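Below: one structure, written as structure tokens.
Please treat every number below as a calculation from the coordinates, not as lab data. Since this is a predicted model, take the numbers as computed values, not measurements. Using ideal geometry, Cβ is built from the backbone for each residue, glycine included, and neighbour counts are taken over all protein chains shown.
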Amino acid sequence: MNLPERFLMCPPEFFQIDYVINPWMEGNIDRASATLAAEQWRQLHDALARHAAVELVTPYAGSPDMVFTANAGLVLGHDAVLSRFLHRERQGEEPHFRDWFQQHGFRVHELPKDLPFEGAGDALFDRAQGILWASYGFRTELDTHKLLAELLGVEVVSLRLVDKRFYHLDTCFCPLEGGFLVYYPPAFDARSNIQIERRVPEEKRLVLDESDAIHFAANAVNIGDVLLLHRVSESLRARLSAAGFRVFEAPLTEFIKSGGAAKCLSLRLSESPRAGTSAHSDVVSRVLSLEGHLLDSGLLDRALEMTVQEGGSFQILKFQLGKQRQSTSRAEIRISAPAAEVLGNVVSQLIDLGGVPAAPQQTGDARLETVTIDGVAPEDFYVTTIYPTEVRLDGRWVRITGQRMDGCIVIDDRDPARPVAGVRLLRDLRCGERVVVGVEGIQTVRKSESRDERGIGGASAAEFAFMGAGVSSERKIELVVRQIAWELERIRERGGKVVVVGGPVVIHTGGGEHLAELIRLGFVHVLLGGNGIAVHDIEQALLGTSLGVDMSLGTPVRGGHRHHLRAINTIRRCGSIAAAVEQGVLRSGIFYECVRAGVPFSLTASIRDDGPLPGVFTDMIEAQRDYARLITGAEMILMLSSMLHSIGVGNMTPAGVKLVCVDINPAVVTKLADRGSIESVGVVTDVGLFLSLLVQQVRVGRDALPRA
Ligand code: ARG
């Protein structure tokens, strides 16, 4: 009988679980039964031999996983691309497989060193589509996909594996004759699933449930209408038979302990090249360099982690280590991605981390596109960050003005000698304006941060280390407060600007009098907040309660829940907060002090507000504009227990402005302090307590340092 298909297998003479390189092997060291494995392998071999020619490669002691011949390499026609195992434990198999291929007339191709590729475990031909599906994420490196396309002259579609139980493509994905596909979607990232759905019509997709997937139902050998696999559920068997397949089970429990089943134990040698196909892969890459305190600030870590998380891959081409604590390091990193849009996303985030093209001379100008609809940016617009940014125009780097995050960069080059680049919010874009798109010719200028600098005023790492953790003992809070008081003093002395963003909790926690004192002492130069902080401050000034709670006793007052409405009404009668002060109606509190000291304030309403007080912005866009105007030039912003107003302000603030975020809820503090900016400090504590400590401290400062 002349069988059309040929497979390679390897007898399990030396098979055992000797090490752990996938989750299936965990807890299974030495637990495979040699006799049972031999019997199971024999049954698979015999079943396969009924439908195809089976050849054998000699097993070697010390290479227990050689039984998994799917990982020997990838065969197309007479070409064999040899595997390069990721794990040292399996690298010893490579020469044995190379010899076998060579002795059997294959042209052996070897991939560059340092580029892991695990053969037909991670690359599966789809005969119906005439393509090669290849995976990355665990074993095989993405960069090999492009090389496979070129070596074999095929179109390669890259899929990313994300569940470590399905570490090889053939554990969760199996193209069948007739264009069918058995697969387990959760083993892939969203983008890969879209690729699969685009290429395989729905009626051909046989989706596995988790139970079939973990019983290796996708690890099947398909010959014509025959399917050999470890185990199949009744419902899957029915679906497969409706699709015209005859399913044969061959129990492979001993091999599953090693993370492989029927397909892994065999390598198809009879895949013929198709006429009319040509090399193609969407994999793209780019080399960037990153400089700074890469290791001690965790910058490199963040950059690489992000790259992988976003579906890219990296190779560190060069690394210069800064040996002293103060010296910086430099890394040259090759970033690869399965498609241009993924690369664009990764690169733009690396730019945010300070990444620059490794070969600046090869960098082009920033790409510009024209706005065609008011308030709508071109598709691929670059989104700004808090970091100082430069764009390359006509060969020159131009610093953008009005730096803030979440905007577009608009270029005004009416005067070609002096082009201006500014940040514009989407809603403010106008037809005809030219916006920077893509990631070419954009760089952020980042102060290189070291661990020591994380904190304010050059405080040492030890002093501020607790902040990142979000938990702060009282003793440490005193330390931070001392630092902040010191900063406030210095800013006041040089005539700088401090902005306070506050929530009503400032009043509820008894912090009102302390904040009022800070204003009186000249430490606060702008106050921002919602209707609430003003309402309760005024309620306290007029009626002694905050949301109906007596502030000296700390107990609710009968009928007190109406107090805040009476306060609002009083101010409405006066016409404005300032008018209430002038008329002698409002005689204490935060807003009284603001009016007295001429400290500008801006209040913004929300859906829950009563009133609101006169002068409160109810148009959010107007409010954002007013905030933006008032914070311009700020050196420090104290954010006191007001999550939404603080986030709003944080979004408008460029890096370099010190943000101090105080909140009892660690989640709020982390969200704000963790902008990746070295100037942000978070303090988890009661805001009333914080303000009382701060006032004490600025008083101490004044006593210690008498002013001229
Ligand atoms: N223990 C082997 C490994 O982790 C199992 C290989 C399974 N082979 C496969 N094609 N999925 O490498």
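According to the Cα gyration tensor, what semi-axes, each the square root of 5 times an eigenvalue, does the equivalent ellipsoid of the stretch 496-535 have, listed from largest to smallest in whole Å? Walk me through the numbers before you get to the answer.
Values: eigenvalues 60, 30, 8 Å².
Square roots of five times the eigenvalues give 17, 12, 6 Å.
What is the P(r) of the chain, as percent of Cα-Cα pairs per 20 Å bin from 0?
Values per bin, smallest distances first: 15, 35, 28, 18, 4, 0.
Can you find, among 316, 298, 273, the residue farthest towards the positive end of the dipole of the stretch 242-338? Put +1 on the C-beta of Lys and Arg, -1 on that of Asp and Glu.
The one lying farthest along the dipole's positive direction is 273.
Counting other Cβ atoms within 10 Å, keep those with at most 12, restrict to DSSP loop, and tell me which trypsin sites (Lys or Arg not before Pro) in the stretch 370-421 are left.
Details: sites: 392, 396, 399, 404, 414; in loops: 404, 414.
Here the sparse-neighbourhood loop sites are 414.
In which sequence would 151, 82 go, from the one with the fewest C-beta neighbours within 10 Å to the one with the most?
Details: 151 17, 82 20.
By the 10 Å Cβ count, ascending: 151, 82.
Would you list the P(r) distribution for the stretch 56-212, with all Cα-Cα distances sorted into 5 Å bins from 0 and each bin expressed as a whole %?
Final binned percentages: 2, 9, 19, 22, 20, 15, 9, 4, 1, 0.
Defining a contact as two alpha carbons under 8 Å apart and six or more residues distant in sequence, what relative contact order in percent does the chain show? List each step's numbers first, then the result.
Numbers: 1473 pairs, mean separation 62.8, N = 708.
Result for the chain is 9 percent.
Of all DSSP beta bridges in the chain, what percent run antiparallel (nearest 5)?
On the way: 59 of 106 bridges.
Taking every DSSP beta bridge with both residues in the chain, the antiparallel ones total about 55 percent.
Cα atoms only, the stretch 1-132: Rg and Dmax in Å?
For the stretch 1-132, the Cα radius of gyration and maximum Cα-Cα distance read 15.3, 44 Å.
Along its three principal axes, how long is the stretch 205-303 when you only count alpha carbons? Whole Å, largest extent first please.
Result, largest extent first: 60, 40, 24 Å.
Can you give the extra length, in nm with one decimal, that the chain gains between residue 246 and residue 89 once fully stretched, where that is 0.36 nm per residue apart less the Cα-Cα distance?
Values: separation 157, 0.36 × 157 = 56.52 nm, distance 3.68 nm.
My answer for the length gained is 52.8 nm.
Largest first and to the nearest Å, give the Cα extent of the stretch 226-377 along each principal axis.
64, 51, 36
Can you list which of the trypsin sites (Lys or Arg not before Pro) found in the stretch 308-356 are DSSP loop residues with at most 13 other C-beta atoms within 10 Å?
Values: sites: 318, 323, 325, 330, 334; in loops: 323, 325.
Taking the stretch 308-356 and a limit of 13 other Cβ atoms within 10 Å, the loop trypsin sites (Lys or Arg not before Pro) found are 323, 325.
Along the Cα-to-Cβ line of residue 406, 7 Å from the Cα, sits a label point; which residues in the stretch 614-632 have backbone N less than 20 Å from it?
It comes to 617-632, nothing else.
Label residue 234 and residue 555 with points 7 Å out from Cα along Cα→Cβ: what is the distance between them in nm?
Rounded to a tenth, the inter-label distance reads 7.1 nm.
Using unit Cβ charges (K, R positive; D, E negative) and no other charged atoms, how large, in debye to the nearest 20, is the dipole of the chain about its Cα centre? Each step should come with its number before you reach the end.
Values: 75 positive and 88 negative charges, 369 e Å.
My answer is approximately 1780 debye.
Mind jotting down a quarter of the surface of the convex hull over the alpha carbons of the stretch 180-233, in square nanometres, one decimal?
4.0
For the stretch 302-452, what value does the Rg/Rh ratio take when both radii are computed over Cα atoms and Rh is the Kirkwood radius, given to two decimals?
Numbers: Rg = 16.4 Å, Rh = 16.5 Å.
Taking Rg over the Kirkwood Rh, I get 1.00.
Can you pick out the pairs among 146/263; 318/658; 323/497; 204/263 whose Cα atoms lie more than 27 Å from each other? Each step should come with its number before you reach the end.
Working: 146/263 24 Å; 318/658 34 Å; 323/497 39 Å; 204/263 20 Å.
Too far apart for the 27 Å limit: 318/658; 323/497.
Would you mind giving the average projected area, over all directions, of the Cα convex hull of the stretch 556-708 in nm² with one decimal? Numbers along the way, then the final one.
Values: hull surface 47.9 nm².
Computing the convex hull of the Cα atoms and averaging its projections yields 12.0 nm².
If R0 is 41 Å, what FRET efficiency do you get for residue 430 and residue 320 from their C-beta distance, rounded to 0.05? Could the numbers behind the result be given before it?
On the way: r = 46 Å, r/R0 = 1.12.
The formula returns an efficiency of 0.35 here.
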